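Every read-out reported here was derived from the displayed coordinates using simple, explicitly stated rules and does not represent laboratory data. All values derive from a computational prediction rather than experimental measurement. Cβ sites come from the backbone with ideal geometry, for glycine too, and all protein chains shown count toward neighbours.
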Amino acid sequence: MESTDRYGRTVAKVLKGATNINQALVQSGAAFVYWQYIEGCDRETYSRLENEARLKSLGIWHVPGGIQRPWDYRRGRKSGSGSNNPSSGAKRPSQNGVRCRCKQIGSWAKAQELLKQGHTYLDGNGDGEACEGLQKQ
């Protein structure tokens, strides 16, 4: 399966003989699954491989607290909260590779604190405020 992402880049399954390189990268912890572009692929296999790599602390999953996902980094740069320097001391955006969800956070104040720590994905519209629905509760 082959498609194009929003930047015009080719997104495709890469094979070397019978080996699926995409799956091998995920399995070894060398890549995240980018769920937005996984249509037409075996989602169950990718999910299992990523989960196994995370549980074994392989590659990207070996970093305590996880590492920032590329899509979160780009989103942060658009909203002006990102950094060009990955070693700038910013806190990791996830705990053990698990992303926080607004409904699990419980309070608007806690959501703002997490946003400041690098959880830029909580600011869905890029206005600098995380989990806006929590404020209205």
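Going from the fewest other Cβ atoms within 10 Å to the most, the residues Arg43, Arg69 appear in the order Arg43, Arg69.
Close amide H partners of Val11, meaning residues 5 or more places away or on another chain with modelled amide H under 5 Å apart, are Ser3, Thr4, Asp5. Each of Val33, Val26, Val11 was scored by other Cβ atoms within 10 Å of its Cβ. Arranged with the fewest first, they read Val11, Val33, Val26.
With a simple spin-label model that places each label point 7 Å from the Cα along the Cα-to-Cβ direction, the separation between Ile38 and Val63 comes to 2.0 nm. If you model the range 2-62 as an ellipsoid using its alpha carbon gyration tensor, with each semi-axis the square root of five times an eigenvalue, the axes come out at 20, 13, 11 Å, biggest first.
Stretching the chain fully between Arg74 and Arg6 yields a gain of 23.2 nm (0.36 nm per residue, less the alpha carbon separation).
Our estimate of slack between Leu15 and Gln117, defined as 0.36 nm per intervening residue step minus the Cα-Cα distance, is 32.9 nm.
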